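K.L.:
The structure under discussion is supplied below as structure tokens; questions concerning it will follow.
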Amino acid sequence: MYIFGEEDQSNSFSGQNTPRRIGYDNANPPKFLSIVAGANHFIFTDSPTCLTYKTIENCQSSNEKVKVVLKYSLLFLNRYLKNDLGAEAELKKKDP
């Protein structure tokens, strides 16, 4: 599973030779790609993403981009650690 922010220039997925593109293209299926709209590289860190929230838990429950990362990470883990086929169906859906 590859997750990255749409606005993270270091994770550009448009070029043929970018490391993320090569990694994803060469990964064996099943494979999943999640691009978080409007997010940058720091969406995966507590700082600075969650600095304006009083707690990490509040950030995780309030920040829409953080919620997307958590949602798809949990679905992936449920599918491949718990063999939850319903999670796989959710992973395959297009989500705006």
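The values are calculated or read from the model by the stated rules, or taken from the named source; none is laboratory data. What you are looking at is a predicted structure, and each value in this text was computed from that prediction instead of being measured. Counting neighbours? That spans all protein chains shown, and the Cβs are built from the backbone with ideal geometry, glycine included. These area figures cover heavy atoms from the full protein model, side chains too; ligands, DNA and RNA do not enter into them. Shrake-Rupley method; radii C 1.70, N 1.55, O 1.52, S 1.80 Å.
K.L.:
Which of the residues that make up the range 44-88 are not in a helix (DSSP H, G or I) and not polar (S, T, N, Q)?
P.N.:
Asp46, Pro48, Cys50, Leu51, Tyr53, Lys54, Asp84
Listed here are the residues, each with its yes/no results for (1) closer than 19 Å to Gly5 by Cβ; (2) open to solvent by 50 Å² or more (accessible area, probe 1.4 Å); (3) under 14 Å from the mean Cα position of the chain (by Cα).
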| position | (1), (2), (3) |
| --- | --- |
| Val36 | yes, no, yes |
| Cys50 | yes, no, no |
| Gln60 | yes, yes, yes |
| Val66 | yes, no, yes |
| Val69 | yes, no, yes |
| Leu77 | no, yes, yes |
| Lys82 | no, yes, no |
| Leu85 | no, yes, no |
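K.L.:
Being part of a loop (DSSP other than H, G, I, E, B) and surrounded by fewer than 16 Cβ atoms within 10 Å (Cβ to Cβ) is the filter here; which residues of the range 19-34 pass it?
P.N.:
Ala27, Asn28, Pro29, Pro30, Lys31
K.L.:
Can you pull out the residues in the range 17-34 that are under 14 Å from Glu6 (Cα atoms) and either in contact with a Pro (Cβ under 7 Å, 6 or more places away or on another chain) or without any contact (Cβ under 8 Å) to a residue 24 or more places away in the chain (or both)?
P.N.:
Listed by number, the residues that qualify are Arg20, Arg21.
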